[in-house]
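Undergrad: Quick one: the structure is below, questions incoming.
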Ligand SMILES: N[C@@H](CCC(=O)N[C@@H](CS)C(=O)NCC(=O)O)C(=O)O
Ligand SMILES: [Fe+2]
């Protein structure tokens, strides 16, 4: 039986969270859950994650996996919160260790582990995780970060930050360990899948001339129309475009809080002796 896919869009960070389930067994996975965070007050909220939990409950689903496509730089992950609520295992690409290493230094967090142990399962290209009678297949798709993975379930691929909608293009590659050539090759692998393969984006920022959010496309549509990487564009031109565009982008609003929390699988840094967790702002580092 085909999997069911429910999307939850967080307009504050332009992130799409997915709840993917196998109707036969009611096994489910949550992809890229958001922990709401108000920068002005330093206050978190579980409103977005609770909406996913409510949908799972309504459909009698049991969430067994929390799949992160990468350590997000634009929103805090609700992975740890959802793990606490469901017992689900948090999955991320094995090269998260590289990201942890870089940011342990930037944030000078001696207690930050760099071996991935904050997560439950580190995955690599070709790994398979069960989802009822289906498999979740891991594709290693680096470029936006050195640890990015995509998850293929049946004819659907959750591409994380590789491709965006065809009229918007592709993800930036200027974060530590980002690599435009690697992103080009990762995207070409995704676009070598059968033309009817459905692709589900992790973000949508709309695009000039489009006034509604969208997050679903196909291999055929991306190959024909993606403004950055349609079939007529070679690696050299893509890398030149991506590098030039990246120079024009400012840092995501929530990059500093997000990274600190997300390399801990969505846990806040350990509370200080007064019981409060603090996030750091490294000055003149990024
Ligand atoms: N304005 C957004 C931008 C977030 C952002 O930089 N998103 C990344 C993915 S984490 C990206 O690839 N953006 C591509 C672009 O903005 O062109 C924010 O501040 O959160
Ligand atoms: Fe990202």
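Undergrad: Across segment 84-94, which residue is surrounded by the most Cβ atoms within 10 Å (Cβ to Cβ) among those that are without any contact (Cβ under 8 Å) to a residue 60 or more places away in the chain and either touching a strand residue (DSSP E or B) at 6+ places or on another chain (Cβ under 8 Å) or more than 19 Å from residue 129 (Cα to Cα) (or both)?
TA: This residue is 93.
Undergrad: With segment 1-80 as the region, which strands (runs of 3 or more DSSP E) entirely inside it contain at least 1 residues that are under 18 Å from the mean Cα position of the chain (by Cα)? Full working, then the answer.
TA: Working: elements: 4-10, 15-22, 27-31, 34-38, 43-45, 62-67.
Per the criteria, 4-10, 15-22, 27-31, 34-38, 62-67.
Residues are listed down the side, and each one gets a yes or a no for (1) in contact (Cβ under 8 Å) with a residue 12 or more places away in the chain; (2) farther than 22 Å from residue 3 by Cβ:
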position	(1), (2)
144	yes, yes
157	yes, no
164	yes, yes
185	yes, yes
191	yes, no
201	yes, no
211	no, yes
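Undergrad: Which residue is farthest from residue 207 (Cα to Cα), if the candidates are limited to segment 149-168 and must be within 13 Å of ligand 1 (Cβ to nearest atom) and in contact with a helix residue (DSSP H, G or I) (Cβ under 7 Å, 6 or more places away or on another chain)?
TA: Looking at the filtered set, the residue picked out is 159.
Undergrad: Has segment 132-140 got any residue that is touching a residue at least 60 places away in the same chain (Cβ under 8 Å), more than 19 Å from residue 30 (Cα to Cα), over 14 Å from the mean Cα position of the chain (by Cα) and buried (at least 21 other Cβ atoms within 10 Å of the Cβ)?
TA: no
Undergrad: Does segment 224-240 hold any residues that are out of contact with any strand residue (DSSP E or B) (no Cβ under 7 Å at 6 or more places or on another chain), closer than 25 Å to residue 99 by Cβ and within 15 Å of ligand 1 (Cβ to nearest atom), and which are they? Walk me through how you get there before you give the answer.
TA: The initial filter retains those residues of segment 224-240 that are out of contact with any strand residue (DSSP E or B) (no Cβ under 7 Å at 6 or more places or on another chain), namely 224-225, 227, 230-240.
Going one step further and asking which of them are closer than 25 Å to residue 99 by Cβ, we end up with 235, 238-239.
238 - this is the single residue of segment 224-240 that is out of contact with any strand residue (DSSP E or B) (no Cβ under 7 Å at 6 or more places or on another chain), closer than 25 Å to residue 99 by Cβ and within 15 Å of ligand 1 (Cβ to nearest atom).
Undergrad: To continue, here is another question. Residue check: is residue 248 more than 20 Å from the chain's Cα centre (by Cα) and within 11 Å of ligand 1 (Cβ to nearest atom)?
TA: Answer is yes for this residue.
Undergrad: Using beta carbons and a limit of 6 Å, which pairs, at least six apart or on different chains, have the first residue in segment 233-254 and under 15 Å from residue 174 (Cβ atoms) and the second one near ligand 1 (Cβ under 7 Å from one of its atoms)?
TA: 246/172; 249/172; 252/73; 252/74
Undergrad: Looking at segment 222-256 only, could you name the residues that are under 17 Å from residue 165 (Cα atoms), within 16 Å of ligand 2 (Cβ to nearest atom) and assigned to a loop (DSSP other than H, G, I, E, B)?
TA: Within segment 222-256, 228 is the sole residue that qualifies.
Readers should treat all values here as calculations from the given coordinates under stated rules, not as data from a laboratory. Please read these numbers as outputs of a predicted model, since none were measured by experiment. Positions of Cβ are backbone-derived with ideal geometry, glycine not excepted, and every protein chain shown enters the neighbour counts.
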